[in-house]
Amino acid sequence: MSLNSFFASLLPKEDKFFPKFQLMSNRIVAGADLFTEFVSTTDHDKQVELYTKIKAIETECDNIVVGIYDELSASFITPFDREDVHQLCDSLDNVMDNINDAAKRILLYRPKTMTNKTMHMAEIILECAKAIDIAFGELPTMSKKPAIAMAQCSKLHDLEHEGDDVYDNFVKELFETETNALELIKIKEIMQSMESATDMANHVGKTLMIIIAKYA
């Protein structure tokens, strides 16, 4: 028996970290879902209402991360390496931070137009959030049955590449068609935040794959 397997055998049957990770992934799905609704409306009052809900979820995720770190400090045995716990927390938190940041920029900048690529990117972010949530549902049994989690990690990789393509094409079209420099800066910064959310989601997948490789 490896040292990792030995320590894993000492873990309680219901690990206290897994429910917190699952709660956070659930909340990111809720935030991403609200964000797609946010992007689809041009009603400023509705955007304010939706952003308030998105910001509340972002704050909730921050609190979950603090709770995980508190458990980490108080625990002698953890489900996987402490560094990996930190990586997962940071990446998950960054996904929600970038969703919140994109919504905030739209609300503050109030761009004159939003392209259909903005909605496409929002839908990619939502798909990323759902893939993360499915993968995190597998955490308790991932070391023995990694197939589902691995499939979602691969999906996150593909979604991140799709997001890169959408962003690159968007920037190309933006510089070709937008003559107002201020509007160009506004929309580009909004899309950068959205593209960063897909990058961070893929980082979650990469960290999960490293954990699977260590403990499978």
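The values are calculated or read from the model by the stated rules, or taken from the named source; none is laboratory data. All values derive from a computational prediction rather than experimental measurement. We place every Cβ from the backbone using ideal geometry, glycine too, and count neighbours over all the protein chains shown. These area figures cover heavy atoms from the full protein model, side chains too; ligands, DNA and RNA do not enter into them. Shrake-Rupley method; radii C 1.70, N 1.55, O 1.52, S 1.80 Å.
Here are the numbers:
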item: Total charge dipole magnitude, segment 90-132, about the Cα centre, Cβ charges on Lys, Arg, Asp, Glu only, Debye to nearest 20; result: 380
item: The chain: angle of helix 147-177 to the longest principal axis, Cα-based, in degrees nearest 10; result: 20
item: Members of 20/144; 144/214; 46/172 lying beyond 19 Å, as alpha-carbon distances in this model show; result: 20/144; 46/172
item: Using θ = phi - 60° and Karplus 6.51 cos²θ - 1.76 cosθ + 1.60, couplings along segment 83-95 (whole Hz; Gly, Pro as x); result: 4, 6, 4, 4, 4, 4, 4, 4, 5, 4, 4, 5, 4
item: FRET efficiency for residue 66 and residue 180, using Cβ-Cβ distance with R0 set to 45 Å, rounded to 0.05; result: 0.60
item: Potential lengthening between residue 53 and residue 82 on full extension [0.36 nm per residue; Cα-Cα distance subtracted]; result: 7.3 nm
item: Relative packing of peptides 71-78, 35-42 - highest average C-beta neighbours within 10 Å first; result: 35-42, 71-78
item: Over 19 Å (Cα to Cα) - which of 55/104; 145/206; 117/186; 155/188 fall in this group; result: 155/188
item: Length-normalised contact order of the chain in % [C-alpha pairs under 8 Å, at least 6 apart]; result: 29
item: Residue-normalised accessible area of the chain, expressed per residue, 1.4 Å probe, Å²; result: 50
item: Top positive-direction residue, dipole computed over the chain with Cβ charges, set 79, 28, 126; result: 79
item: Calculated FRET efficiency for the pair residue 90/residue 110, C-beta based, R₀ 35 Å, to 0.05; result: 0.65
item: Accessible-area composition of segment 116-216, carbon plus sulfur, in percent [1.4 Å probe]; result: 56
item: Euclidean distance between Cα centres, segment 34-84 to segment 147-216, Å; result: 18
